[in-house]
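Enquirer: One structure is given below, represented as structure tokens, and several questions about it will come after.
The values are calculated or read from the model by the stated rules, or taken from the named source; none is laboratory data. Predicted model, so just to flag it, every value in this text is computed and none were measured. Using ideal geometry, Cβ is built from the backbone for each residue, glycine included, and neighbour counts are taken over all protein chains shown.
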Amino acid sequence: MERQHRLRQLATALAIASGMVVATAVVRAQEHAHEGKTKVDPKINETFRNPDPKAFVKRFESESREPYARRHEIVAQLELKPGMAAADIGAGTGFFSRLMAEKVGPKGKVYAVDVAKPFLKHIEAEARKQGLNQIVTVLGSQDSTNLPPDSVDVVFFSDVYHHLEHPQKTLATIHRALHKGGRLVIVEFDRVEGRSSEFVLKHIRAGQDVFRKEIESAGFVVIPTPNPPKLKENFFLRFEKKG
């Protein structure tokens, strides 16, 4: 009788343990499924492995492209001042880097960060032509901006955040690079089901809420924008480094 009782207790314990294992597996499966929905597809970065800058100048520096058409409004909201240091992440053809350089002046500094060497060579050439010696190019990676610690006042993204394959790793390097109270400013495609274009729905991995939560979890807090740029296809958010 006692042996049967012990067997029943053992069976019950095994059932509970088995249930816990199954429950844990279900939770992990749900987490992986959620990650799969919001994880970037590396294929969207293939065109930037070895880009032709001249072709991208036509594509990026066009009045039909919202960030370029609203570039002056956007840069105004960065609140750059002479002598400040800023970083343009995913600088591409460098048109934002050049505008930022004009704001910080010759005593300031603008780090133009990109993962593509052809873009960096193009930015260097254009900076020399225009006498913008305050522009410094930096070769980044999908894990790091490679910015020096405690080196910048403002970090800026324009339609680049959705290209980050490891956003938390990149955000950690940005957090380290920003001075105390430094700002992270983002312009990004606004992905909204039923409203956004088919390109945005297929190309952008998540909506504004997901991106905002990712950035907040990396040690940033949203701050208000008194006069945000008038954007239709993109959203504009400003963050401040916590701590």
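Enquirer: For region 100-122, which residues satisfy the criterion of being over 20 Å from the mean Cα position of the chain (by Cα) and either closer than 16 Å to residue 61 by Cα or of a type outside the set (Lys, Arg) (or both)?
Expert: The answer is 101, 102, 104, 105, 106, 108, 118, 122.
Enquirer: Can I ask one more? So which residues in region 180-231 are farther than 27 Å from residue 47 by Cα and more than 18 Å from the chain's Cα centre (by Cα)?
Expert: 180, 181, 194, 224, 225, 226, 227, 228, 229, 230
Enquirer: Same structure again: Could you check, for region 51-58, whether at least one of its residues is in a strand (DSSP E or B), of a type in the set (A, V, I, L, M) and surrounded by fewer than 18 Cβ atoms within 10 Å (Cβ to Cβ)? Before you say what the answer is, go through the steps one by one.
Expert: Residues of region 51-58 that are in a strand (DSSP E or B), as a first pass: none.
The answer is no, given that none of the residues of region 51-58 is in a strand (DSSP E or B), of a type in the set (A, V, I, L, M) and surrounded by fewer than 18 Cβ atoms within 10 Å (Cβ to Cβ).
Enquirer: Among helices (runs of 4 or more DSSP H) lying entirely in region 129-243, which contain 1 or more residues that are without any contact (Cβ under 8 Å) to a residue 12 or more places away in the chain, surrounded by 14 or more Cβ atoms within 10 Å (Cβ to Cβ) and in the same structural domain as residue 88 (by TED's automatic domain parsing)?
Expert: Once the helices (runs of 4 or more DSSP H) in region 129-243 are filtered for at least 1 residues that are without any contact (Cβ under 8 Å) to a residue 12 or more places away in the chain, surrounded by 14 or more Cβ atoms within 10 Å (Cβ to Cβ) and in the same structural domain as residue 88 (by TED's automatic domain parsing), what remains is 198-203.
Enquirer: Does residue 157 qualify as being closer than 19 Å to residue 89 by Cβ, touching a helix residue (DSSP H, G or I) at 6+ places or on another chain (Cβ under 8 Å), modelled with pLDDT of 95 or more and not basic (Lys, Arg)?
Expert: no
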